[in-house]
Amino acid sequence: MNMVEKKLSNDFYIESPLPPKRTRMQEFQRHFGQNRLAILGLFIFILFFCCAVTGLFLTSGSRPIFDPAMVRLQEKLRPPLAKPNLDSLQPQEVPALGVYLMGTDDLGRDVFARMLQGAWVSLTVGFVAVGISVLIGIFMGGIAGYFGQHHIRTDHILFTLALILGTGLVIVNYTFIGIVIILLCLAYIFYSCLARHESTEKETPVLKAVLHSNAVSVDTLIMRIVDIMLCFPSFFLILTVVALLPASIYNIMIVIGLTSWMGTTRFVRAEFLSLREQDFVAAAKALGLSNFRIIFRHIMPNAIAPVLVSATIGIASAILTEAGLSFLGFGVPPPHATWGNILSNGKNFIFDAPWLTFIPGVAILIVVLSFNLFGEGLRDVMNPKLRERH
Amino acid sequence: MESKNKNNHSILRIEGLKKYFPIRRGFLQKIHGWVKAVDGVSFEIEQGKTMGLVGESGCGKTTVARLILKLLESDAGKIIFQGHDIRRFSEKEMKPYRKEIQIIFQDPFGSLNPRMTIGQSIEEGIRILGNKHATNRKERLETLLSMVGMSSDSSDRYPHEFSGGQRQRIGIARALSVEPSLIVCDEPVSALDVSIQAQIINLLKDLQDQLGLSYLFISHDLNVVGYLCNTISVMYKGHIMEFASSEDIFNHPHHPYTISLLSAIPDPDPDIKWHVKPSNGHIGDSDVVPEGCKYQDRCTIAETACLKDKMVFEKVRENHFVRCWKAAKNHGSSPD
């Protein structure tokens, strides 16, 4: 009787129609297409990306088409769209377009060429810095969210602190004391490895009990580090670090990346905490999947949406930070043009040659705005709760 | 006779299983007390049989399920699965047993990964069994889907495209993908409407016949449990109150809590007058556990002795145990 019943129910079931197939991507396109500002942001972003990439090829090499470093002192502070004075220029000094599209600066360098070169700087700084911060953020947030309940033993903390202290002492030339401390640490590791294998039945002494007690949970440790990092006014932290390091574009990318991962960490942790308790993660555990697979295959794809959004907005703020640093003279070293240092050079001639400040300023504004619009559009699409109902 | 062959027949035996959750309060998160979610639960599931675990919300049913699957670390007791106490097993030692015990969840919406297609979700399990070839995996996937009554073209769709009943079938297919011998069904039909409930229950029953599965069936619906289960454990505040075969629970209930639960089952016949034998009040705060019998504050037959005495599991008949001295005594004095 049961078989008959089941047969009936299942046959009925198979024939019950499934809804038309629509992938997540199609859903995404449908919702994103309705958001005109986000489309505009995406369009400007693509344009900027193309400009930056072509700009890199047009302005680099031994004989670039647009030479951002070509000094023509007789042609200085020419306004945008000015024709070059062909009589006073060598043939190779004439700009490629036959016109100073964005004018020239106080050394007669072509601002258009310099803007092209700066676009690449802005793009790479934005992407690499945000790439670094997102990687750190996902790593830290993932650990805090997934393994947060695990505890760190007191001796591990003391040991790590001692190692850092020892290395620090070696670096500042107290070599002997530093090496002694590092050796002590290694001896302790060796000792505790040995002690683990001996099954000691006696009651543990007080010191050992204290050392082996659980100090903090991983979650607490990471989130307090995040809080501490957020306490520093980040722009001044970056200024200090950049002042200490040799000025180069890579240092700036790394420093911006290292000081902006905290937001991502909080996002990822929050997502992991809620996803970890979901039934599908429990099912994955019950199937016997490894932690690695659960984290990267089951949790991460569900946690990535807010990270993408904050990354897009993060790119805008990284570009802005780089421009600010260059403006203050802490950024990319001078012969190389960035939007920030074009702006900075231009400020001395703001009344004689306003285009020198106006053009890079507007470029920064447009790019940052487009990233923010795109990011907010993404957020609206990926978070159905924020979606407007029409 | 059955009790002698216990070890040969039982697939899972739980002995004195305990799980206490700390209540932390204040700035330093000091432990303030304990919620005794599971407090010395013992039962046994025979190979190829179904045991029902019933009880009201918050009595610790789901916690028991999670302890058995080792999704939660238990505090004391034994979980003997196929003759091995797996309670203290490390993740590595657990590896060969992981695939033997699977779970079906109550919530069909949360139990499937929204970013994975149905095929991908089920294939996670097929992969565990070490099926190397993609074509073999595909075949196995189609077999699994047809076993649970789904068409194979649903495998590249996402969970949000399916109804609750369909998702529950997919959840069952995923559990079956690793060829388990025991499936813990954590209220698998509670979130479904009645017609779909019947489909899923019949599906579970057929799968048991075909594959020789054992079930731990957790529910608060006594009708469903009575239809599907061979034995039933009635749980209240972390304790098993009564354990007996399905017929005994329905025909000769002894514990006042079981009697009260049974009397609350609505009868479809409108002519029958419905006599609910109520409990007094409702389930209290679990962190204020009275001494003596856990059911004393709601019991209709409680005496002063119930406030002090430790509860003992008393045998009233072959394979029928009651955690109530009074019910056992009444039965002893006047055997039906």
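With contacts taken as Cα pairs under 8 Å and at least 6 residues apart, chain A reaches a relative contact order of 23 percent. Secondary structure note: in the protein assembly as shown, about 65% of the DSSP beta bridges are antiparallel.
In this structure, the residue pairs whose Cα-Cα separation is over 27 Å, taken from B:Lys70/B:Lys315; B:Lys237/B:Lys315; B:Lys70/B:Lys205; B:Lys92/B:Lys205, are B:Lys70/B:Lys315; B:Lys92/B:Lys205. Rounded if a/c is under 1.5, else prolate if a/b beats b/c, else oblate: with a ≥ b ≥ c from the C-alpha gyration tensor eigenvalues square-rooted, which is the stretch A:24-160? Taking the square roots of the gyration eigenvalues as a ≥ b ≥ c, the stretch A:24-160 is oblate.
For the stretch B:113-179, the relative contact order is 50 percent, taking Cα pairs closer than 8 Å that sit 6 or more residues apart in sequence and dividing their mean separation by the residue count. From the Kirkwood radius over Cα pairs of the stretch A:164-263, Stokes-Einstein at 25 °C and 0.890 mPa s returns a whole-number translational diffusion coefficient of 138 µm²/s. For chain A, the number of Lys pairs with C-alpha atoms closer than 28 Å, counting only pairs eight or more positions apart or on separate chains, is 5. The label-point distance for B:Val312 and A:Phe176, in a model that sets each label 7 Å from Cα toward Cβ, rounds to 7.7 nm. Return one number: the angle in degrees, 0 to 90 and rounded to the nearest 10, between the long axis of the Cα atoms of helix B:118-128 and the longest principal axis of the Cα atoms of chain B. Long axis of B:118-128 versus the principal axis of chain B: about 80 degrees. For a paramagnetic label modelled at 7 Å from the Cα of A:Ser88 toward its Cβ, which residues of the stretch A:339-364 fall within the zone defined by backbone nitrogen distances under 18 Å? Residues passing the 18 Å test: A:352-353. Restricting the GluC sites (Glu not before Pro) of the stretch A:297-390 to loop positions (DSSP other than H, G, I, E, B) with no more than 16 neighbouring Cβ atoms within 10 Å leaves A:Glu388.
For chain A, dividing the convex hull volume of the Cα atoms by the residue count gives 254 Å³ per residue. Binning all Cα-Cα separations of chain B at 20 Å, short to long from zero, yields these whole-percent fractions: 28, 55, 16, 0. Summarising the label geometry, the points placed 7 Å from Cα in the beta-carbon direction at A:Arg224 and A:Asn348 lie 5.0 nm from one another. Over the C-alpha trace of the protein assembly as shown, radius of gyration and Dmax come out as 34.8, 126 angstrom. About the centre of its Cα atoms, the stretch A:289-390 shows a dipole size close to 520 debye [charges on the beta carbon of Lys, Arg (+1) and Asp, Glu (-1) only; nearest 20 debye]. Which stretch or stretches of the stretch A:108-123 have amide N atoms under 14 Å from the point lying 7 Å from A:Phe49's Cα along the Cα→Cβ direction? From the stretch A:108-123, the list is A:123. In plain terms, if you count all Cα to Cα distances in the stretch B:1-112 and split them into 5 Å steps from zero, the share in each step is 2, 10, 18, 20, 19, 15, 9, 4, 2, 1, 0, 0 percent. Placing a pseudo-label 7 Å from each Cα along the Cα-to-Cβ vector at B:Ser195 and B:Gln120 gives an inter-label distance of 3.3 nm. I'd like to know which of B:Gln199, A:Gly329, B:Ala264 lies farthest towards the positive end of the charge dipole of the protein assembly as shown, counting +1 on Cβ of Lys and Arg and -1 on Cβ of Asp and Glu. Looking along the dipole axis, the top candidate is A:Gly329.
Cα centroid separation, the stretch B:151-224 to the stretch A:297-315: 33 Å. The amide H of B:Arg157, built 1.01 Å from its N in the peptide plane, has B:Ile118, B:Gly119 as neighbours under 5 Å, considering only residues 5 or more places off or on other chains. For the pair B:Thr300 and A:Gln149, a Förster radius of 60 Å applied to the C-beta separation gives a FRET efficiency near 0.90, rounded to the nearest 0.05. Per-peptide packing, taken as the mean over residues of other Cβ atoms within 10 Å, places B:22-32, B:43-53 in the sequence B:43-53, B:22-32 from highest down. Taking trypsin sites (Lys or Arg not before Pro) as exposed when DSSP calls them loop (any state but H, G, I, E, B) and at most 12 other Cβ atoms lie within 10 Å, what is the longest stretch of chain A free of them, the sites themselves excluded? Looking at chain A, A:203-388 is the longest stretch - no exposed trypsin sites (Lys or Arg not before Pro) with at most 12 other Cβ atoms within 10 Å. The angle between the Cα long axis of helix A:175-197 and the longest principal axis of the Cα atoms of chain A comes to about 30 degrees, rounded to the nearest 10. If a spin label sat at a point 7 angstrom from the Cα of A:Gln74 along the line to its beta carbon, the backbone N atoms of the stretch A:92-113 nearer than 14 Å would be those of A:92-95, A:108.
Sorted into 5 angstrom bins from 0, the C-alpha pair distances of the stretch B:113-179 split as 4, 20, 35, 25, 12, 3, 0 percent. Computed from Cα positions, the angle between helix A:218-231 and the longest principal axis of chain A comes to roughly 30 degrees.
Coordinate-derived values only; no laboratory data. All figures in this text were calculated on a predicted structure; none of them were measured in a lab. Because the Cβ atoms are built from the backbone with ideal geometry, glycine has one as well, and the counts that use them run over all protein chains shown.
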